[in-house]
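Enquirer: For reference, the structure I am asking about is given below.
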Amino acid sequence: MSETGKKTVQPNKQQLLNRLKRIEGQVRGIHQMIESDRYCVDILHQISAIQSAMNKVSLALLEDHTHHCVVNAIKGQDGEAAIEELLSVMKTMTK
């Protein structure tokens, strides 16, 4: 269960899962690169690609959350709390 106890249906669930599977494969590739004593710069390039891919997943989730959860909260008169939660998440993501 989540930290907040809240659940939601991800509108782009399959796309997110596919991206995460690719990232998982990239991480395994880095593991193999380190085991094979590959050149550090090559490994760092792969790490950078993973970080970029994770940022894309984060932004996709943030966009879905804003367009669905936050919009629905505003319509249901719980917008202030949803906006505060959104801002808190954005602060965490930009650390």
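Enquirer: Does Q77 satisfy the condition of being under 14 Å from the mean Cα position of the chain (by Cα) and not in a helix (DSSP H, G or I)?
Expert: no
The rows are residues; the columns are (1) under 22 Å from T92 (Cβ atoms); (2) open to solvent by 70 Å² or more (accessible area, probe 1.4 Å).
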| residue | (1), (2) |
| --- | --- |
| K21 | no, yes |
| M33 | no, no |
| R38 | no, yes |
| N55 | yes, yes |
| H67 | yes, yes |
| I74 | yes, yes |
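Enquirer: State which residue is least open to solvent (accessible area, probe 1.4 Å) when the search covers only the stretch 40-53 and only residues that are free of Cβ contacts under 8 Å to residues at least 12 places away in the same chain and among the hydrophobic types (A, V, I, L, M, F, W, C).
Expert: The selected residue is V41.
Enquirer: Let me ask another. Kindly indicate which of V57, V9 is in contact with a Lys or Arg (Cβ under 7 Å, 6 or more places away or on another chain) and either of a type in the set (D, E, K, R) or within 30 Å of A81 (Cβ to Cβ) (or both).
Expert: Sole residue among the options that is in contact with a Lys or Arg (Cβ under 7 Å, 6 or more places away or on another chain) and either of a type in the set (D, E, K, R) or within 30 Å of A81 (Cβ to Cβ) (or both): V57.
The values are calculated or read from the model by the stated rules, or taken from the named source; none is laboratory data. In this text the structure is predicted, and so the values were computed from the model without any measurement. Please note: Cβ atoms are built from the backbone with ideal geometry, for glycine as well, and neighbour counts cover all protein chains shown. Keep in mind that these areas ignore ligands, DNA and RNA; they rest on the heavy atoms of the full protein, side chains included. Shrake-Rupley method; radii C 1.70, N 1.55, O 1.52, S 1.80 Å.
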